[in-house]
Each structure stands twice: as structure tokens, then as C-alpha cells.
Amino acid sequence: MNKIGILTSGGDAPGMNACVRAVVRVSISNNVEVMGIQGGYLGLIEKDFIEMGPRSVSNIIQRGGTILKSSRCEDFKRGDGRKKAANNLNEAGIEGLIVIGGDGTFQGAKKLGDEWDIKVIGIPGTIDNDIYGTDLTIGFDTAVNTARDAVDKIRDTAGSHDRQFIVEVMGRHAGFIALEVGMSCGAEEILIPEIKTDLNKIAQRIMEGRLKGKTSYIIIVAEGDEEGDAFEISHKLHKITGLEYKVCVLGHIQRGGAPTATDRILGTKLGIWAVEHLINGESGKMIGEVGGKPLLTPFEETWKKKKHIEEMYMDWIKILSV
Ligand code: F6P
């Protein structure tokens, strides 16, 4: 393999830059040229390619976002979009592709690889951590720490004013961020899409807690909870308990900022392993890290199989928040 392409796709995640840096430098050390594809799959369709050298990735390991830019590309979901992308890759002499992103990115990669016989390796990059085949995804640790820092601050004011707060964290379909943030902040309740939420029971616990002298309450809700967003949940709980609930939606601040050491190292390792496997002829798989070791998982399994969620956290926080 003489030339490969690299792109970042879907929601950006802190640590993607560390990963791009590793991919570029390890490829070059193996005498493989690297083209950066800008703006995710849109850049593939529009042939927005740039040559990457060792200096093009200087000074980025500590930066959030992605220097290659990203997008959620509707055109790539269509066959004609992927045909254009495949032609562009052929014309540029790109023999293999590394894609960094989440499940949508891997679904696109699988189709491109199957339809046009293009070698593709995926790297899990999403703050949601909802990808099967890796203990952690790039960006998750930073997002959890960003949200944890925010909730610690909210806890101060909640305590000073004897208030109930509902803090919404990201995760359209997944509660991994909510669980880790809730556990690390000592939240009283965590609401996630994977586990049915019973607002009556929560209201009962809040009222019982008050009788026992508990005067402030932190509820962490994943944006995808079936009872609605933080505002809807605050209205519903207000109706049942008569109490006021302050709402804080953390939103996209969880996606930005300097990556933690964990995300920089994870991005670096996955970048190195991805290049090694791609140039050794592997394709159609995601490289993850499980128990400290590299693991390849076929693309389809990464979104079809469900990653284990620590449901026991839900019981523990009830015991710990007496
Ligand atoms: O997938 C990452 C994520 O940040 C989700 O947690 C969130 O629901 C979604 O992306 C938001 O996407 P966008 O920035 O495109 O609105």
C-alpha cells in the first residue's frame, strides 16, 4: 500500500487530532503517503483532499475538535454519492482509508467497502461511547470530565440554596455519559434511555429524602431519556412534587476543549494500530481497545451488538445518596 486517506466524520470528539497525528506520522514512517480528506464523507464526494506531512500535524495533540473538520453527510447515504467518492479515491491513487467516527460513520464505511472493494479501517471516535468492540471511544473521557466539572459547580450552588437541579448531558441513544457523570458527581438520580424511567418513584425518593434532611438534589438526565428532555422532566416532577427544579443543559461544551491524557493516548494507540492493520491487508473492521489490547471487530457488529452498560450504577447511586 503506497497511499492512504484519513477522515473524521459525525460529531467531533476531543482526541481525534491526537489520532490523526498518529495515523499521519506512523504511515510516513512506513513509507506510506497520507491524504487528509476534509469535512468527512462530504470531502470524499467533493474531492477535498490535502497532502499530509509530519509537520501538518504539529502542535495538534492537545487540541479539541478535528483539524480535518467533520460533517454528517446525507449524500453519502445514497449510492450515487458513494460512487463519486470511490471514483475520487481511485483518481487520487488512494488504496486504503481510515475513518474516525461513530456508528453512522461505520455504516457508511461498510457500504463503501462492500460496493467498491475499497479497504477501510474504522476508529471509534464519539463522546457517546456507544460503540461495541472497544472499552472506550475517543472523546468520551474528556466529555465526562467536562460535564463532571460543570456538575461539581452546580452542586455548590444547589447546596447553598437548597435546590433541586436537573442537568442534561449528551447521549441521544446512550446513557454512558450520564452514568459516569452521575457516579463521579454523587448524583441522586440518573435517567438514561436504556433503562425505563419511573418519575413517580423518583418523586417519592425526593420527598422522602427531604423528610430525612436532604435539602438539595442533583438529577442527571441523558438527552435521549424516554420521559423527555430536562425541561419536560422538570415540569413533570414539579407537577408531582410541587417543588421547583432548576434546569441546566450542558450541550456542546461536552464536545469541545483539550482532550484528557486518556483520550490523547487512546487516539494515539488506535491511530497506530489502524495503520498497521490497514497496511497488513485488513479491511471492513473497526480497531478498538479491549482490556488494554487491540481488537478488530467487523463493522456490522459495532452497531448491531450492544455494549454493556453498568446498570448496577443505578442501584449503587440509590444506596449512596441516602
Ligand atoms: O454523537 C455525539 C453527539 O454529541 C450526541 O451525544 C448528540 O446527541 C449529537 O452528537 C448531537 O449532534 P449534532 O452536533 O449534530 O447536533
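Things to note:
- Chain lengthening between SER184 and GLU301 when straightened (0.36 nm per residue, less Cα-Cα): 39.1 nm
- Two-site FRET efficiency, ILE240 against ASP80, from Cβ-Cβ distance with R₀ of 56 Å, rounded to 0.05: 0.60
- Over segment 102-157, volume per residue of the alpha carbon convex hull, in Å³: 72
- Restricting attention to segment 144-238, close to 0% of DSSP beta bridges with both partner residues there are antiparallel.
- 21 Å Cα cut-off, lysine pairs counted over segment 143-255 (separation 8 or more, or different chains): 13
- Computed log10 I(q)/I(0) for segment 152-275 at 0.12 Å⁻¹: -0.49, from the Debye equation with unit scatterers placed on every C-alpha and solvent omitted.
- Based on alpha carbons, the Rg and Dmax found for segment 217-318 are 20.0, 63 Å.
- Once you reduce segment 1-51 and segment 88-164 to the center of their Cα atoms, the two points are 15 Å from each other.
- Angle between the chain longest axis and helix 176-185 axis [Cα atoms, degrees, rounded to 10]: 50
- Each 20 Å bin, from zero up to the one with the longest distance, holds this percent of the alpha carbon pairs of the chain: 33, 48, 18, 1.
- Applying both filters, DSSP loop and at most 12 other Cβ atoms within 10 Å, to the GluC sites (Glu not before Pro) of segment 54-158 gives GLU74.
- Simple label model, 7 Å out from Cα along Cβ direction - ALA92 to GLU208, nm: 5.9
- Helix axis angle, 79-91 relative to the chain longest principal axis, alpha carbon, degrees: 50
- Peptide ranges 63-71, 167-175 listed from the most packed, as the mean C-beta count within 10 angstrom indicates: 167-175, 63-71
- Sorted peptide list for 2-14, 278-290, criterion being average Cβ within 10 angstrom, highest first: 2-14, 278-290
- Counting DSSP beta bridges with both ends in the chain, the antiparallel % (nearest 5): 25
- The helix-based estimate of mean residue ellipticity at 222 nm for the chain, built from -39,500 (n - 2.57) per DSSP H run of four or more residues and divided by its residue count, is -13500 deg cm²/dmol to the nearest 500.
- With the cut-off at under 17 Å, measuring from each backbone N in segment 157-179 to a point 7 Å along the Cα-to-Cβ line of THR215 picks out 157-165.
- Charge dipole (Cα centre; +1 on Lys/Arg Cβ, -1 on Asp/Glu Cβ; no other charges) of the chain amounts to roughly 320 debye.
- Simple spin-label estimate for LYS47 and ALA258 gives 4.1 nm between the two label positions (7 Å along the Cα-to-Cβ direction from each Cα).
- Tensor-based shape of segment 52-94 (alpha-carbon gyration tensor, a/c under 1.5 rounded, otherwise prolate or oblate): oblate
- Å² of accessible area per residue within the chain, as computed with a 1.4 Å probe and no ligands counted: 44
- Peptides 234-243, 189-198, 98-107 ordered by average Cβ neighbours within 10 Å, highest first: 98-107, 189-198, 234-243
- Ligands, DNA and RNA left out, the accessible area of the chain computed with a 1.4 Å probe is 49% carbon and sulfur.
- Using only side-chain charges placed at the Cβ, +1 for Lys and Arg and -1 for Asp and Glu, the dipole size of segment 143-255 relative to its Cα centre rounds to 300 debye.
The values are calculated or read from the model by the stated rules, or taken from the named source; none is laboratory data. The model shown is predicted, which means the values in this text are computed figures rather than measured ones. Positions of Cβ are generated from backbone atoms using ideal geometry, with glycine treated the same way; all protein chains shown enter the neighbour counts. The area values use the complete protein model at the heavy-atom level, side chains included, leaving out ligands, DNA and RNA. Shrake-Rupley method; radii C 1.70, N 1.55, O 1.52, S 1.80 Å.
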